[in-house]
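One structure is given here, and the rest of the page talks about it.
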Amino acid sequence: MSGAGSGERTLELLIGPQHPASGHMRLVAEVDGDVVVRLRPDIGYVHRTVEKIAETKTYLQTIPLIERPPLADTANHNLGYVMAVERLLGVEAPPRAQWLRTLLAEMNRIHSHLYGLGIHGIMLGSSTAFMWAFGDREIMIEMAKRLTGARITYSYMIPGGVRRDLPPGFAEEMEKALRYLERRLPDYDRIFFSNPVTRARLEGVGVLTREDAIRLGVVGPNLRASGVAYDVRRARPYAAYPELDFQVVTRSEGDSMARMLVRVGEIRESIRMIRQILARMPDGPILAERYAKMIPPKWRDYVRETGRIKFPAILASLRPPKGAEAVSRVEAARGEAVFYLVSDGGPRPYRMRMVTPSLRNVVLFSHLTRGCRVADIPAIYGSLDYFPPEADR
Amino acid sequence: MGGVEEVGGRGGRNPVVSLWGHLKAVGTGLKYLIAVPRMTVKYPDEVIELPDGYRGMLIYHQDLCISCGLCATICPANAIKMYLPSGGGGGEGGGEKPETPPKRHPGIDYARCIFCGFCVDICPTGALEHSKVHDAAYERVEDMLYRPEEFAAGPPTVEFERPPKRLRPVMDERRGISYEPVG
Ligand code: SF4
Ligand code: SF4
């Protein structure tokens, strides 16, 4: 509202809240001509009171709830939440379940990165990148559908293990899927990542220095693109990650291009991990003995033959000990996700805290846009893979 | 890790490098004019065959149901509720002694269901199963509520104007997904 009449020369530009890109939010930009003086992200348009609703749902019922905000990246958040519940209950998933969790988590990372790259593409005006990435994410959706029975909201990981074992022929089909993605990546590179237009829009734009990235508490690919090799999978390994060979992808430039390319590098690493998982996954049960032995005896054969768990009734009313608290963290696709749970001994969480990577990264909107051009706003926004529902929860 | 190094150095606005980059991008585009990977099918003339274990709309076998109510208890979306038999019961008929109360049975509201499958997985008798129906459309939101009798009659059948071609997705190294006709 700094109108020219008051002797000021800047103008307030409102972007959103009608879905400027990946969800409803508003950017309030103060511009001086074409230059952004200040930009403030106005968040909360898709706040769903997830933490409060969790207090009214049982521990199991909270799983589908957790999956809604971080759309695309459902499995990694499912995993983080379930790890916290398991710590409350003092139960651990058997090794095979850990590997299956890691499998879905990495499939979901590829899916989520493609989703983010596609949105970034369309924000730069590249319909091709958008169509390609959104088409290719279908590969991981299709494979996840075979594993879990659902396309996006899998609710696959439950306290004590996972709900289903690999379906027949999964590894062979997955190998073909991975080869396809590997063939496609160089074409993505030629048509989009290394396209001179993309380079002109992204290189040197929205530079985040290493020091600022650390100081601002940035997470995920956005952090690693500024040269910080922090990845929860490496820093505090969980699930099957201690046994997998993978690299923490980093770049030093810290610009919008670097952030995009870290995600591309991570897709390659996820492909490598999926191969290792399918080649080396240990045999054994997929649900902790504590719950498996409570499955009604008449279902034992069914579970063995189909590889699908039947829930023992206790899962409907898990009651962790009174006063128990647990924290878990995972490397979700967009960065570190933290869950904190408090139990009052009842069947519902007394408190559930969900800190998502987008929430941690929202600070970058103000930081990176200072002094940029108006046309750089979408280039920077897209490079952050920021997802408003994930931040608002 | 990424692929940008393939095209000269960063930040350069070298016109030769740029021209080469444009040519490669256009060339790649041309390649895809001929070999188009296509992920979508022409629904409703073509319909994707769903895999075993797909979490579609539910099948309720009332004869197996023991009215334990676990499905309603576990449902995270409050889609399943337990209903008394419709058409009375209760206190009618004067002299009858108050025997065991009438049994409740589950009904489902598909306006709420999120297809998590928790109810199917916890049902101790197998009275609940997933079908592969997932594309039913309703004109009125009330029609999405199925009381136990309606629930037991099975999931809705989807009517197509022309019988659709059923296609099974198969992973394909070159095309991503190729769709094979079934049956
Ligand atoms: S599938 Fe999930 S949401 Fe739907 S009725 Fe069953 S438990 Fe409820
Ligand atoms: S459908 Fe299954 S879970 Fe639901 S009341 Fe009947 S027996 Fe119990």
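The values are calculated or read from the model by the stated rules, or taken from the named source; none is laboratory data. Treat the numbers as computed from the prediction; the structure is a model and nothing was measured. Neighbour counts run over all protein chains shown; Cβ positions are idealised from the backbone, glycine included. Only protein heavy atoms, including side chains, enter the accessible area calculation; ligands, DNA and RNA are left aside. Shrake-Rupley method; radii C 1.70, N 1.55, O 1.52, S 1.80 Å.
Points worth noting:
- Interface residues of the stretch B:23-44, defined as those losing at least 40 Å² of solvent-accessible heavy-atom surface relative to the isolated chain (probe radius 1.4 Å), are listed as B:A25, B:T28, B:Y32, B:M39.
- Computed over the protein assembly as shown, the range of Cα coordinates on each principal axis works out to 95, 59, 49 Å, biggest value leading.
- Overall, the accessible surface of chain B at a probe of 1.4 angstrom is composed of carbon and sulfur to the extent of 56 percent.
- Chain B - Cys residues lacking any other Cys C-beta under 4.7 Å: B:C65, B:C68, B:C75, B:C113, B:C116, B:C123
- For the protein assembly as shown, with +1 on Lys and Arg beta carbons and -1 on Asp and Glu, the positive-most of A:A171, B:M39, A:P69 along the dipole: A:A171
- Accessible area per residue in Å² at 1.4 Å probe, computed on the stretch A:11-392: 34 Å²
- A 1.4 Å probe over all protein chains sorts A:R179, A:R259, A:R373, A:R137 by accessible area into A:R373, A:R179, A:R137, A:R259, starting with the largest.
- Full extension of the chain between A:R280 and A:R234 yields a length gain of 14.6 nm, computed as 0.36 nm times the residue separation minus the alpha carbon distance.
- Student exercise, the protein assembly as shown dipole from Lys, Arg, Asp, Glu Cβ charges, in Debye to nearest 20: 920 debye
- Among the protein heavy atoms of the stretch A:11-392, carbon and sulfur supply 53% of the accessible surface, probe 1.4 Å, non-protein parts ignored.
- Mean-position separation - Cα centroids, the stretch A:241-268 and the stretch A:312-327, in angstrom: 37 Å
- The accessible-area loss of the stretch B:115-140 on complex formation, taken against its chain alone with a 1.4 Å probe, reaches 40 Å² or more at B:F118, B:D121, B:I122, B:P124.
- Rounded to the nearest 100, the interface formed by chains B and A buries 4900 square angstrom of accessible surface, both chains summed, with a 1.4 Å probe.
- Span from the the stretch A:174-200 Cα centroid across to the the stretch A:72-95 one, whole angstrom: 33 Å
- Under 5 Å, built H, 5+ apart or other chain: amide partners of B:K165: B:E46, B:V47
- Dipole check for the stretch A:34-125: with +1 at the C-beta of Lys and Arg, -1 at the C-beta of Asp and Glu, and the Cα centre as origin, the magnitude is about 80 Debye.
- Qualifying lysines (Cα of each under 27 Å from Cα of B:K81; at least 8 residues distant if same chain): A:K52, A:K57, A:K298, A:K310, B:K103, B:K132
- Computed from the C-beta positions of B:L84 and B:S131 and an R0 of 25 Å, the FRET efficiency is 0.45 to the nearest 0.05.
- At a probe radius of 1.4 angstrom, the accessible area of chain B per residue rounds to 59 square angstrom.
- In chain B, the longest principal axis of the Cα atoms and the axis of helix B:15-34 are about 50 degrees apart.
- Buried on assembly, the stretch A:280-309 (at least 10 Å² less accessible surface than by itself, 1.4 Å probe): A:P296, A:K298, A:W299, A:R308, A:I309
- The share of C-alpha pairs in the stretch A:275-393 whose separation exceeds 19 Å stands at 69 percent.
- Net charge of the neighbourhood of A:E8, taken over other residues with C-beta under 15 Å away and scored Lys/Arg +1, Asp/Glu -1, is -1.
- Projected label points at A:E182 and A:R210, each 7 Å from Cα along the beta carbon direction, are separated by 3.2 nanometres.
- Scoring A:91-98, A:71-78 by mean Cβ neighbours within 10 Å over their residues and listing the highest first yields A:71-78, A:91-98.
- Cross-link reach list, lysines versus A:K176, counting only Cα pairs under 20 Å and skipping chain neighbours closer than eight places: A:K145
- Most fluctuating residue given options A:I66, A:I191, A:I271, as computed from a GNM of chain A linking Cα atoms under 10 Å: A:I191
- Listed residues A:V219, A:V197, A:V31, most fluctuating in chain A (Gaussian network, C-alpha, under 10 Å): A:V197
- Choice from A:L79, A:L278, A:L117 showing the highest fluctuation, given a GNM over chain A with Cα pairs closer than 10 Å: A:L278
- Inter-chain neighbour count for B:51-57: the average number of beta-carbon atoms from partner chains within 10 Å of each residue's beta-carbon is 6.
- For the pair the stretch B:11-49 and the stretch A:13-67, the centres of their Cα atoms are 32 angstrom apart.
- Stokes-Einstein diffusion for chain B, with the hydrodynamic radius set to the Kirkwood value over Cα pairs and evaluated at 37 °C in a medium of 0.692 mPa s, equals 153 µm²/s.
- Rg/Rg_ref, the stretch A:240-305, where Rg_ref = 2.2 N^0.38 Å and atoms are Cα: 1.80
- Dipole of the stretch A:189-325, positive direction: furthest Cα of A:M281, A:V232, A:V248, with charges on the beta-carbon: A:M281
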